[in-house]
2 protein chains.
Amino acid sequence: MKAIRNVGSYLFGPGALGRLEEVLRGDPRVPAGPVVYLVDHFFAGFTAPLAKLPQRPLDRLIFMDTTHEPSTDQVDQVAARVRADFSDLGGLPGVIVGMGGGATLDMAKAVSNLLTNGGQAADYQGWDLVKVPGVYKIGVPTLSGTGSETSRTCVLTNYQTGVKLGMNSDFSVFDQLILDPDLTATVPREQYFHTGLDTYFHCMETLNGRARNGIVDAYSEKAIDLCRQVFLQGDMQDQSSRENMMIASLMGGAAAGNTGLVHPLSAGLSVVLGVHHGLANCLAMGPLAEFYPPEHAEFLAMAQAQGIKLPTGLGADLSDEQIGKLYASSIVHAKPLGNHLGEGFRDILTPARMAALFRAM
Amino acid sequence: MKAIRNVGSYLFGPGALGRLEEVLRGDPRVPAGPVVYLVDHFFAGFTAPLAKLPQRPLDRLIFMDTTHEPSTDQVDQVAARVRADFSDLGGLPGVIVGMGGGATLDMAKAVSNLLTNGGQAADYQGWDLVKVPGVYKIGVPTLSGTGSETSRTCVLTNYQTGVKLGMNSDFSVFDQLILDPDLTATVPREQYFHTGLDTYFHCMETLNGRARNGIVDAYSEKAIDLCRQVFLQGDMQDQSSRENMMIASLMGGAAAGNTGLVHPLSAGLSVVLGVHHGLANCLAMGPLAEFYPPEHAEFLAMAQAQGIKLPTGLGADLSDEQIGKLYASSIVHAKPLGNHLGEGFRDILTPARMAALFRAM
């Protein structure tokens with residue numbers, strides 16, 4: 001049985017960001033009080049989207065550095081800065097608007113939780129550890145595929161302990177989303193492809209898994225259907241494809257089922273080598289043809305149709321020490337690996353076999 | 001651009017009703033205080049589902065008479081009864097649980113709004129007239145197809161004025177749903193078919209309309225896909241079909257796009273002849289083959305596959321006065337009719353042509 005927590009409401013369509021002011025001032029559910037805009041630093045170079053943010057004198061805009069995967073330290077620092085900026089309001093703004101890709105959206109969710117719950121980000125990594133609702137939060141995705149906009153988690157890496165884990169909580173769900181497909185027009189093509197495929201991978205992993213749920217299946221099937229339209233029919237970044245990819249991501253995130261083999265191997269690549277999640281998924285899928293035959297062929301066809309050159313040659317340069325770390329940081333994901341292979345997954349994914357998979361990337 | 005308001009969360013799966021107590025007592029979002037169960041009178045004869053309701057001494061169970069389409073009078077009466085029962089709590093219970101088909105769910109939503117907003121049900125028929133959130137409400141659908149469980153409206157007929165109109169409001173959305181496909185096992189077969197087809201019709205009307213939205217299209221397409229599995233593959237009422245039909249209804253209700261020709265003609269049949277909505281849709285679709293050729297053929301194939309005899313012969317007995325009333329109460333639905341036929345819909349659906357359509361039912 002699956003409990004599904006939904007985002008309160010969406011506003012969807014080209015130009016939707018232009019209606020953010022109306023949402024902030026005209027929607028009785030949105031608290032009054034100043035707004036903190038947490039914006040992907042990618043947008044520091046683009047004045048047009050920033051000019052659409054209806055900033056007032058007491059509002060604050062903070063750029064989020066997304067060079068690396070988001071960390072607990074980063075979230076602690078941003079939360080401290082917001083608390084200091086709003087010290088005369090008890091440290092609390094009225095609303096947090098997160099605008100960016102999955103990293104920025106995840107950090108916005110974590111900062112929201114931290115401001116009202118106190119303590120440090122690492123205190124809430126796990127399941128249902130967040131005690132009270134965070135600051136009211138609105139998500140504005142500018143990159144489609146991670147599903148962060150509809151998921152009930154925000155994944156952070158604690159570099160002190162090496163733990164990469166989300167704040168899994170109903171309180172990690174956005175209260176509202178502004179879904180404006182115009183915002184994904186400027187995404188670099190390779191990043192657009194890698195991130196879009198994140199939806200395809202997690203949905204196909206879910207549908208090939210043993211733990212199943214009717215609602216999750218329905219969302220996953222529709223998300224894959226939309227990914228096929230985006231990546232196999234016409235250009236992935238024309239307007240209708242950007243709309244479809246935004247909806248696919250939304251549905252994939254709402255489903256957020258248990259995954260299979262791609263995501264654990266991908267997590268290993270991120271933790272050990274610092275590879276970004278979208279690219280890491282594509283690398284991980286490379287040697288998995290025997291586990292997902294039709295999906296592997298479809299993945300290659302999608303890359304070819306969009307003129308995307310998939311990365312190769314990573315495995316040849318890996319040291320034995322790196323291979324050992326990659327094995328350890330992948331095999332730890334027992335739930336998704338067992339979802340695909342059953343409880344005996346360690347007998348199938350032996351250290352030698354995993355080494356061969358990583359060397360083939 | 002489309003603003004979509006979502007139900008806060010779902011619990012989905014066979015036996016989910018057995019977890020209502022956990023939701024009521026263990027979920028921090030659910031207010032304390034007594035529960036009012038508004039239950040379709042159909043269940044008065046079935047002790048098993050009622051025994052699953054975790055009633056405490058201060059809770060109340062009220063059966064809802066769904067012999068006729070729900071009325072503003074009925075809602076006013078139930079609200080008055082609840083106010084009187086809870087007069088020592090300011091007239092307000094903690095939670096309303098609505099359990100039944102679309103009529104019961106719609107009445108539960110309306111009673112919830114009325115208890116906190118005051119006045120009478122007719123005061124809130126229209127768009128965004130409800131001022132403050134209603135009593136916290138949980139929906140338990142026992143019949144799939146109407147989409148009431150996820151829609152932002154609750155349709156009531158005011159028999160004094162003849163107005164059939166919903167309380168269209170973000171506050172008309174359930175806070176939570178318990179989705180238990182076991183509950184639809186006892187629905188009479190014809191009613192199950194007619195109501196399930198409600199989802200099929202409103203989604204196919206949406207997809208054949210002129211006003212379109214990417215998210216609404218995606219939900220509608222998936223809902224139709226699921227309806228095809230339910231009604232064209234195997235028995236519509238076996239367990240997996242009941243699960244799929246419940247998900248189809250949920251997605252159809254979440255989309256809740258503008259409709260086309262079936263729903264306006266169906267509304268006429270309900271207002272003038274008192275025909276229930278699901279059956280009225282099937283009657284309305286009868287003579288519409290020329291407007292929806294593939295969908296009409298599919299509708300007939302679905303009925304045949306499930307051994308459902310579609311009603312015929314209604315039209316032959318209609319008086320000229322009834323035909324006049326049916327025309328008037330259908331042609332008034334300018335928005336959906338225009339969505340299918342454009343602004344000149346009155347030139348196409350002349351009184352003579354409409355008379356021929358009704359006579360062919």
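Scan region B:293-310 for residues that are open to solvent by 50 Å² or more (accessible area, probe 1.4 Å) and in a loop (DSSP other than H, G, I, E, B) and jot them down.
B:Gly307, B:Lys309
Of the numbered conditions (1) closer than 30 Å to A:Arg19 by Cβ; (2) within 14 Å of another protein chain (Cβ to nearest Cβ), B:Pro28 satisfies every one except a single condition; which is it?
Only one criterion in (1) closer than 30 Å to A:Arg19 by Cβ; (2) within 14 Å of another protein chain (Cβ to nearest Cβ) is unmet by B:Pro28, namely (1).
Can you tell me how many residues in region B:6-25 are within 10 Å of another protein chain (Cβ to nearest Cβ) and closer than 25 Å to B:Gln74 by Cβ?
Looking only at that region, the number is 1.
Could you tell me whether any residue of region B:162-169 is open to solvent by 20 Å² or more (accessible area, probe 1.4 Å), within 19 Å of B:Leu265 (Cα to Cα) and in a loop (DSSP other than H, G, I, E, B)?
Checked against the condition, which is being open to solvent by 20 Å² or more (accessible area, probe 1.4 Å), within 19 Å of B:Leu265 (Cα to Cα) and in a loop (DSSP other than H, G, I, E, B), region B:162-169 yields at least one hit.
Take B:Thr153 and tell me if it is more than 30 Å from B:Ala223 (Cα to Cα), open to solvent by less than 40 Å² (accessible area, probe 1.4 Å) and within 19 Å of the chain's Cα centre (by Cα).
no
Filter region B:117-150 for residues that are of a type in the set (Val, Ile, Thr) and assigned to a strand (DSSP E or B); which is surrounded by the fewest Cβ atoms within 10 Å (Cβ to Cβ)?
Taking the candidates together, the pick is B:Ile138.
Looking at A:Leu165, A:Leu265, A:Leu179, A:Leu197, which one is of a type outside the set (Lys, Arg) and farther than 23 Å from A:Asp40 by Cβ?
A:Leu265
Got at least one residue in region A:275-283 being without any contact (Cβ under 8 Å) to a residue 40 or more places away in the chain and under 17 Å from A:His340 (Cα atoms)?
no
Within region B:332-350, does at least one residue satisfy the condition of being in the same structural domain as B:Gln229 (by TED's automatic domain parsing), over 23 Å from B:Asn258 (Cα atoms) and either modelled with pLDDT of 95 or more or not hydrophobic (A, V, I, L, M, F, W, C) (or both)?
Within region B:332-350, not a single residue is in the same structural domain as B:Gln229 (by TED's automatic domain parsing), over 23 Å from B:Asn258 (Cα atoms) and either modelled with pLDDT of 95 or more or not hydrophobic (A, V, I, L, M, F, W, C) (or both).
Take the residues in region A:186-208 that are of a type in the set (S, T, N, Q) and surrounded by fewer than 24 Cβ atoms within 10 Å (Cβ to Cβ), then tell me which one is modelled with the lowest pLDDT.
A:Thr186
Which residues, taken from region A:213-257, are in contact with a Leu (Cβ under 8 Å, 6 or more places away or on another chain), of a type in the set (Val, Ile, Thr) and more than 9 Å from chain B (Cβ to nearest Cβ)?
Scanning region A:213-257 gives a single hit, A:Ile224.
Does region A:173-185 include one or more residues that are out of contact with any Phe, Trp or Tyr (no Cβ under 8 Å at 6 or more places or on another chain), open to solvent by 20 Å² or more (accessible area, probe 1.4 Å), outside any strand (DSSP E or B) and within 28 Å of A:Leu300 (Cβ to Cβ)?
Checked region A:173-185: at least one residue is out of contact with any Phe, Trp or Tyr (no Cβ under 8 Å at 6 or more places or on another chain), open to solvent by 20 Å² or more (accessible area, probe 1.4 Å), outside any strand (DSSP E or B) and within 28 Å of A:Leu300 (Cβ to Cβ).
The values are calculated or read from the model by the stated rules, or taken from the named source; none is laboratory data. Predicted model only: the values in this text are computed from it and were never measured. Heads up, the Cβs are rebuilt from the backbone with ideal geometry, glycines too, and the neighbour counts pull from every protein chain shown. What goes into the accessible areas is simple: the full protein's heavy atoms, side chains included, and nothing from ligands, DNA or RNA. Shrake-Rupley method; radii C 1.70, N 1.55, O 1.52, S 1.80 Å.
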